[in-house]
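Reading through the structure tokens given below for one structure.
No lab work stands behind these numbers, since they all come straight from the coordinates. Values in this document were obtained by computation on a predicted structure and should not be read as measured data. Using ideal geometry, Cβ is built from the backbone for each residue, glycine included, and neighbour counts are taken over all protein chains shown.
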There are 2 protein chains.
Amino acid sequence: MKVVIIGGVATGPKVAARLRRLSIDAEITVVEKGKIVSYGSCGLPLFLGNLVPKIEDLMKTSAGLIRDTQYFEDTKGINVLTQTEALAIDRQQKKVRVRNLATGEERDLDYDHLVLATGAKEVVPPIPGIQYQNVYTLHSLDDAVNIKALIKEKKIQHATIIGAGLIGIEVADAIAGPRLKVTLFESQGSVVPKLLDPDMALLVEHKMRSRGIDLRLNCPVKELTGDEDGKVNGVILENESITTGLVIVAVGVRPEVTLARQAGLTLGITGAIQVNQYMQTDDTYIYAGGDCAEQVNMLSGRQVFVPLASTANKQGRVIADNIAGRASEFPAICATSVFQAFELNVGRTGLGEPEARELGYDVITSLSTGLDAVHYYPVHGAVTIKLIAERTSGRLLGAQVCGTGEAIKRLDVLITILRFNGTVKDISNLDLSYAPPFATAIDVLIHAANTLENKQLGIVDTVNPFELLERLKKDKSIIFVDVREGDETRANPVEGSQIIVIPLGELRKRYTEIPQGSPVVTFCELGIRGYDAACFLKGVGFQDVSFLEGGMSTWGALQPALNM
Amino acid sequence: MKVVIIGGVATGPKVAARLRRLSIDAEITVVEKGKIVSYGSCGLPLFLGNLVPKIEDLMKTSAGLIRDTQYFEDTKGINVLTQTEALAIDRQQKKVRVRNLATGEERDLDYDHLVLATGAKEVVPPIPGIQYQNVYTLHSLDDAVNIKALIKEKKIQHATIIGAGLIGIEVADAIAGPRLKVTLFESQGSVVPKLLDPDMALLVEHKMRSRGIDLRLNCPVKELTGDEDGKVNGVILENESITTGLVIVAVGVRPEVTLARQAGLTLGITGAIQVNQYMQTDDTYIYAGGDCAEQVNMLSGRQVFVPLASTANKQGRVIADNIAGRASEFPAICATSVFQAFELNVGRTGLGEPEARELGYDVITSLSTGLDAVHYYPVHGAVTIKLIAERTSGRLLGAQVCGTGEAIKRLDVLITILRFNGTVKDISNLDLSYAPPFATAIDVLIHAANTLENKQLGIVDTVNPFELLERLKKDKSIIFVDVREGDETRANPVEGSQIIVIPLGELRKRYTEIPQGSPVVTFCELGIRGYDAACFLKGVGFQDVSFLEGGMSTWGALQPALNM
């Protein structure tokens, strides 16, 4: 059996390795256009940020071996052709035409099964001046090495990043520092718009600004300017221009499907290659997987394009199994995406709130903040969780997390809940791990589920900080009750004529200080005391009372708006 | 509505707090025998180990408030009676007789609903000499303060811990050091026998011994001896005696049910109070929750006693809801337990392998080791996962984890899988979070599931290190093939006449050096290369070949046995 795999990163090597385990005698050939195979492209921002010291580290296995042609030959009996471009597929004859880019030599490779693992390529927006030197996409090891060298020269004082997607933000975190000022442009109104709803994005934006990033939202770049040597030297906006010495374009990737299109294979609505559950294209003998193939979102049933190394590896395994005659299916995905930047662990899964509404769901959400470990344990951080559920059934539709604490652990549990069409009630009752280093006795995730259930049952009303921001624009009569302790309010004051400070412990005696008749919003640091306060005020007859979800931990991002 | 709650730690305060949120006018009284309420008893080992500097830290809320009587009165409108013992329940009259331990005054508290949250008490084994001074159980803040003071005096050189349950191990980690030698006695054959199967326990034992703990398994303590001042000074064993200056007894806890028993409430087979799904005892007006109440293991359907602060809090919420007229059920548990000690994160959920077999399941297991984050990310650690599944269906029955890496994150996902009666296949396909700081592209958990599936499908045979140890006792003909690289084998050599070292990359050329006819076990550092090697050797005709699950990372614990 002859198997040709086009693409030597992630899916391709995974298909090859798995297939070799299942078949000692398959002839497996991997065709890769670049010089190297199987490198950790997800680590490029880490390399820029010096968390990965040497670029070679991204090319090694965990045992320290460089994954080169020889490595695949020796350890796996797999033939890897680097610097070799696949030019065309002859589906009739089951041949792939390839060219050795070093020698120019062309030849045909016969196949019984062909695997397209051609990946994705960076989108280069049609901005005038994009061709100048020192304008990079971060898509190859060479790009990363060149950017790092440029920064190390210490000749530039300012860098521009175009696009506040996860790569743009990771890169901003990696390169911003005392010597290098970074401006980040995003054409949409919030950061990581494909990942986070605007309310959760506020937390990231707040943190980025507090670290000195000049973040420009709703701000498309009109043009780049260059000097006489052809090096970029400026960014032109609507009413402003900025001097810069480096531009990194990170506006996303699109699937690389040239070969598939030429071969007449069907592409999906996302532009990626359409595949069935076996990862087969509409040619039975041609599979596609990884960043060039389309997936299905299990919650919306829609075709989506979510390029991810973990998906690529899972699909590689499925493809190898099918080629080896072990029928195997790749299921719909939850559309999980996570990243770490600016000390925050950030992620999402399932549907975002706008998408859930657009799909016709009667949506209920909660935003909760808590600690990831017991507060007396020396290492702990905050985690904010947004849950998105179907109101009546409580079925979980999606979730987003953000925090300095172990947010991703909670996201992984939520992903598992989604996989089983679980409800918020299912979360409340999970027998999750508890010990002081790992969780609070009521884990922040359980707390998030309980908060949503409390809203669902009408026990108390809450207000999301983002909703509150909108409401404040129209309604100036809202009275805020800050129930934090004196030392907390002194350390992190919120001031304004409509703010009444009454520590929770004094509220039972002093609640008559709060005027009746106006809407009341209670808040504390994380949310729990605001919750207690709202329950109490409701109990003593306040008609329109709610507590601020996530407390100051979320509201801090919006604080300027509070100073009415 | 009058509600009396007996017990002021975990369940009791939770019932009170939740009930207050649901009902502004319930009269809520908490009766607590001790001087303080609602402290973090789980943090006592952390206090001993100086990770929590002051004992008061265990008594504060995350906002820094001491949870005393005044706190509950002021912030929640809850009446807390400390130093007050509940003497008897009059179920007919719905009264509880209580005595103020400071004044001796007795009185009756009327109730509409009574909550028993009496917790658990330490088991004191009937060892002669147990009454000597400096023999402690670690069950109260006072115990912890006294032990720490004794150690700080620097007059003792040796401490004895009786019982290698999770508290015993946490305490050993906390107090062992250059100045204080620790001997830990366990009457059973492995550490944490209620948590871990013997194979997984080996990893903990190995780590403890490498940190200098004198660990004595299968070793019951016969007697303690004391000096003329009544202070403990020795431990007497079968054939040996040991000089010691401090003894900590940590042989477990049992439910405190005196009051329930006197009141004629039904106790379950575990000795804890029997409750229905609403947490009601057989008296409709009396609820019980937390460490005094029995639970049901959702996998075995059996009554179990798994005292845990997280369960206590969840049950408190359910009890409050039911009292407030919101019917709420507490489901069966997965029997999750976790701890952190000796730099290891350790945990379990569901059924252990022996219990699963005893229940009649046709069991298949896998033991896998991998990294918790991408190897080039600067912070990463290993995680070993044991999966226990039903062979034909692949249904997950239980799981155990251990490692310096983020093991508990993976356990939480497995707990969620158990909750939905999921299979190992469900794990393989989970769209878990991936980015270099959080996981490898094929997460260690996915890898564990894939390994089990490979065994299930007969793709390759594996051997568990513990099974191997047993097999080696009978079969001396096994040939080991160490496929690690030269620098790895030099750094961490395994030597013996039956060991052939052939790096994986040379195996395709050199496999003829391995004699045919004998059983072959391949191994590497974590397991993957051993797997590739076993697939290859099987492919070229070796009949009896398997790879070592978890590789050297698990085998290290058994290495002495390999030097045959």
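Data for the structure
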| read-out | value |
| --- | --- |
| Size of electric dipole in the range B:461-562: Cβ of Lys, Arg +1 and of Asp, Glu -1, about Cα centre, debye, nearest 20 | 220 |
| Overall Cα dimensions of the range A:343-456, principal axis frame, Å, largest first | 45, 28, 24 |
| Dipole magnitude of the range A:100-204, debye to nearest 20 (Cβ charges: Lys/Arg +1, Asp/Glu -1, about Cα centre) | 840 |
| Quarter of the Cα convex hull surface for the range B:1-109, i.e. its orientation-mean projected area (nm²) | 7.8 |
| Projected area, mean over directions - the range A:135-251, Cα convex hull, nm² | 7.2 |
| Debye, to nearest 20: dipole size of chain B, +1 on Lys, Arg Cβ, -1 on Asp, Glu Cβ | 380 |
| Calculated FRET value between A:Glu390 and A:Thr266, using beta carbons and R₀ = 22 Å, to 0.05 | 0.10 |
| Chain B: Cα Rg divided by the 2.2 N^0.38 Å rule of thumb | 1.09 |
| Sorted by Cβ density within 10 Å, fewest first, the residues B:Ser546, B:Ser477 | B:Ser477, B:Ser546 |
| Mean-position separation - Cα centroids, the range A:428-491 and the range B:343-383, in angstrom | 34 |
| Value of D in µm² per second that Stokes-Einstein yields for the range B:390-485, Kirkwood Rh from Cα pairs, at 10 °C (1.306 mPa s) | 103 |
| The range A:161-217 pair-distance distribution - Cα-Cα, 10 Å bins, rounded % | 26, 61, 12, 0 |
| Amide N proximity, the range A:311-325 versus A:Thr284 label position 7 Å along Cα-to-Cβ, cut-off under 18 Å | A:319-325 |
| Fully extended contour minus Cα-Cα distance, from A:Ser187 to A:Asp112, at 0.36 nm per residue | 22.4 nm |
| Distance between the range A:74-94 and the range A:1-66 - C-alpha centres, whole angstrom | 14 |
| Inter-label distance, nm, simple model (7 Å from Cα along the C-beta direction), A:Glu358/A:Ser210 | 3.1 |
| Relative contact order [Cα under 8 Å, 6+ residues apart], the range B:135-251, whole percent | 33 |
| 7 Å along Cα→Cβ, label-point gaps from B:Glu358 to other copies, nm, shortest first | 5.5 |
| Residues B:Leu51, B:Leu430 arranged by fewest to most Cβ contacts within 10 Å | B:Leu51, B:Leu430 |
| Zone residues, the range B:113-144, relative to B:Leu101, backbone N less than 17 Å from point 7 Å out along Cα-to-Cβ | B:117-123, B:137-144 |
| Angle between chain A longest axis and helix A:465-474 axis [Cα atoms, degrees, rounded to 10] | 60 |
| Cα→Cβ-extended label distance, 7 Å offset, between B:Glu238 and B:Arg91, nm | 4.7 |
| For A:Glu506, label point 7 Å along C-beta direction: distances to other copies, nm | 7.8 |
| Pairs of alpha carbons in the protein assembly as shown whose separation is greater than 52 Å (percent) | 26 |
| Stokes-Einstein D for the range B:461-562, Kirkwood Rh over Cα pairs, 25 °C, 0.890 mPa s (µm²/s) | 186 |
| Cβ-vector label at 7 Å, A:Glu105, separations to other copies in nm | 10.1 |
| Sorted by Cβ density within 10 Å, fewest first, the residues B:Ser210, B:Ser140 | B:Ser210, B:Ser140 |
| Inter-label distance, nm, simple model (7 Å from Cα along the C-beta direction), A:Asp143/A:Gln83 | 2.3 |
| Kirkwood-based shape ratio for the range B:112-179, expressed as Rg/Rh from alpha carbons | 1.07 |
| Added length on full extension, which subtracts the Cα-Cα distance from 0.36 nm per residue, B:Lys222 to B:Gln543 | 110.5 nm |
